[in-house]
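Enquirer: Structure below; questions to follow.
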Amino acid sequence: MNVKVAIVNDSLTAVQAMRRVLRHVQGYEVIWTASNGADAVRLCNKERPDLILMDLFMPVMDGIEATRRIMSQCPCAILLVTATVSTQSVKVFEALGAGALDVIKTPRLGPRSSEGIDGLLRKIRKIRILTDNFKRPDSDLYTIGSQANGSGRRDTRPHLLAIGASTGGPQALGQLLSHLSPDMAASVIIVQHMDNGFISGLVDWLSMQTDMPVQLATDGIRPTSGVVLVAGSHGHLVLTSKGTLTYTAGSSTDVYCPSVDIFFKSAAEYWNNDGTGVLLTGMGRDGAQGLLAMKKRGWHTIVQDRHSSAIYGMPKAAAELGAARQILSLSQIGPVLAQRLSVEECSGHESRNVLSI
């Protein structure tokens, strides 16, 4: 069965390039094109495609607003295809927050250049895998063993706030982090599904949403109170028994890299201290098993509710597993965390009681 594709771009050259790419790939059919976001919303309501290749800047209505309206009226998979990826990271993350799945630079076709074609096809295939496997349980990628510190005593590590997100994540993360303070007694680690080429832009963008310092999680770094660490996409971020972070190699068959499940399960095993796990909006099931592992180890666990999620996939999977101690709207999660993770609440012997429900 063919995958129905729509192209939304005000550049005739870009539309022709994408048509030519898809024409020679079996299983894809372009059903309509639009030169602005308003026409795209109208056409999508008449004939919904399986995938939309959406430009960012267009007349009448831009790709951000078009994405927001399509996801509320006739939701479908949206891939941003734009020539302004590197210089417009703020706009890119707004569109991702509105529900776009991913972003890539517009491909170029010419007598001497076929720049970006392979990347576009990889993105399209990845999205197809995500949508095809939406209801398939993820495999158990990281097994919890018995190697955690056996004493069970609290150590000097800070409280760990682990957050996983995918589709719609940048916007959700920005709103959540805006409520947190750099003087709180907790370290924040974020695993967001995103290509490595855009992670630095995400770090910069999140830095503008919060007073907390935000930086890329590097190999060997140790979680620190009041600092936000963001996982890179060159491998799976994991916590080690020494309390440091490192990366393990991903494979070509991995749907998610970095994987929320892999990080959550490593944190549940090796962080011998208080922790809170949060699973935000996203397509698929990544993070559900990991959040359940956290809950079984005594962590406080929160998932975003259906109404405030751009895509209620990952949170829904976690809720169905019974992995959530709380199901909250996005507007509630930040203030709840700010109260739970304040210096006063997390200090002394009270923290475990404060984090229980």
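The values are calculated or read from the model by the stated rules, or taken from the named source; none is laboratory data. Since the structure is predicted, the reported quantities are computational estimates derived from the model, not experimental observations. No Cβ is skipped: glycine too gets one built from the backbone with ideal geometry, and neighbour counts run over all protein chains shown.
Enquirer: Name every residue in the stretch 56-76 that is surrounded by fewer than 23 Cβ atoms within 10 Å (Cβ to Cβ), part of a loop (DSSP other than H, G, I, E, B) and within 20 Å of the chain's Cα centre (by Cα), in order of residue number.
Expert: Once the filter is applied, which keeps residues that are surrounded by fewer than 23 Cβ atoms within 10 Å (Cβ to Cβ), part of a loop (DSSP other than H, G, I, E, B) and within 20 Å of the chain's Cα centre (by Cα), the stretch 56-76 yields Pro75, Cys76.
Enquirer: To continue, here is another question. Does the stretch 177-187 include one or more residues that are among the hydroxyl-bearing types (Ser, Thr, Tyr) and part of a strand (DSSP E or B)?
Expert: yes
Enquirer: Further, regarding this structure: Suppose the filter is without any contact (Cβ under 8 Å) to a residue 24 or more places away in the chain, among the β-branched types (Val, Ile, Thr) and in the same structural domain as Asp102 (by TED's automatic domain parsing); does Val15 pass it?
Expert: Yes, satisfied.
Enquirer: A further question follows. May I ask you to verify whether Ala318 is outside any loop (DSSP other than H, G, I, E, B) and outside the structural domain of Arg68 (by TED's automatic domain parsing)?
Expert: Judged against the criteria, Ala318 is a match.
Enquirer: Tally the residues that are exposed (fewer than 15 other Cβ atoms within 10 Å of the Cβ) and at pLDDT 95 or above, restricting the search to the stretch 223-242.
Expert: The qualifying residues number 1.
Enquirer: OK, next. Report yes if Thr106 is hydroxyl-bearing (Ser, Thr, Tyr) and at pLDDT 80 or above, otherwise no.
Expert: yes
Enquirer: Suppose we filter the stretch 285-305 for residues that are more than 18 Å from the chain's Cα centre (by Cα) and either modelled with pLDDT under 95 or surrounded by fewer than 20 Cβ atoms within 10 Å (Cβ to Cβ) (or both); how many remain?
Expert: Qualifying residue count for the region: 4.
Enquirer: Next question. Could you say whether any residue in the stretch 253-260 is over 16 Å from Ser166 (Cβ atoms) and not hydrophobic (A, V, I, L, M, F, W, C)?
Expert: yes
Enquirer: Only one of (1) touching a Cys at 6+ places or on another chain (Cβ under 9 Å); (2) surrounded by 15 or more Cβ atoms within 10 Å (Cβ to Cβ); (3) in a helix (DSSP H, G or I) fails for Val15. Which number is that?
Expert: It fails just one condition, (1).
Enquirer: Further question: Return a yes/no flag: does the stretch 229-252 have any residue that is polar (S, T, N, Q), part of a loop (DSSP other than H, G, I, E, B), over 12 Å from Val191 (Cα atoms) and touching a helix residue (DSSP H, G or I) at 6+ places or on another chain (Cβ under 8 Å).
Expert: Looking for residues that are polar (S, T, N, Q), part of a loop (DSSP other than H, G, I, E, B), over 12 Å from Val191 (Cα atoms) and touching a helix residue (DSSP H, G or I) at 6+ places or on another chain (Cβ under 8 Å), one finds at least one in the stretch 229-252, hence yes.
Enquirer: So which of Leu96, Leu53, Leu79 ends up being under 17 Å from Thr167 (Cβ atoms), touching a helix residue (DSSP H, G or I) at 6+ places or on another chain (Cβ under 7 Å), of a type outside the set (D, E, K, R) and surrounded by fewer than 24 Cβ atoms within 10 Å (Cβ to Cβ)?
Expert: None of the other options fit; the residue is Leu79.
Enquirer: Here's another thing I want to ask about it. In the stretch 11-54, which residues are of a type outside the set (Val, Ile, Thr), under 16 Å from Lys105 (Cα atoms) and modelled with pLDDT of 95 or more?
Expert: Listed by number, the residues that qualify are Leu53, Met54.
Enquirer: For the condition touching a helix residue (DSSP H, G or I) at 6+ places or on another chain (Cβ under 7 Å), assigned by TED's automatic domain parsing to the domain that holds Ile124 and polar (S, T, N, Q), what is the one hit in Gln26, Gln73, Gln88?
Expert: Matching residue, one of Gln26, Gln73, Gln88: Gln73.
Enquirer: Name every residue in the stretch 306-328 that is surrounded by fewer than 19 Cβ atoms within 10 Å (Cβ to Cβ) and under 16 Å from Ser72 (Cβ atoms), in order of residue number.
Expert: Within the stretch 306-328, Arg306, His307 qualify.
Enquirer: Let me ask something additional. Hey, Pro335 hits all of (1) outside any helix (DSSP H, G or I); (2) out of contact with any strand residue (DSSP E or B) (no Cβ under 7 Å at 6 or more places or on another chain) but one; which does it fall short on?
Expert: Among (1) outside any helix (DSSP H, G or I); (2) out of contact with any strand residue (DSSP E or B) (no Cβ under 7 Å at 6 or more places or on another chain), the lone unmet condition for Pro335 is (1).
Enquirer: Looking only at the stretch 290-315, how many residues end up being free of Cβ contacts under 8 Å to residues at least 24 places away in the same chain and not in a loop (DSSP other than H, G, I, E, B)?
Expert: Qualifying residue count for the region: 0.
Enquirer: Can you tell me how many residues in the stretch 234-261 are free of Cβ contacts under 8 Å to residues at least 24 places away in the same chain, farther than 22 Å from Leu280 by Cα and in contact with a Pro (Cβ under 9 Å, 6 or more places away or on another chain)?
Expert: Matching residues across the stretch 234-261 total 1.
Enquirer: So which residues in the stretch 196-216 are more than 25 Å from Gly243 (Cα to Cα), surrounded by fewer than 16 Cβ atoms within 10 Å (Cβ to Cβ) and at pLDDT below 85?
Expert: Answer for the stretch 196-216, where residues must be more than 25 Å from Gly243 (Cα to Cα), surrounded by fewer than 16 Cβ atoms within 10 Å (Cβ to Cβ) and at pLDDT below 85: just Gly197.
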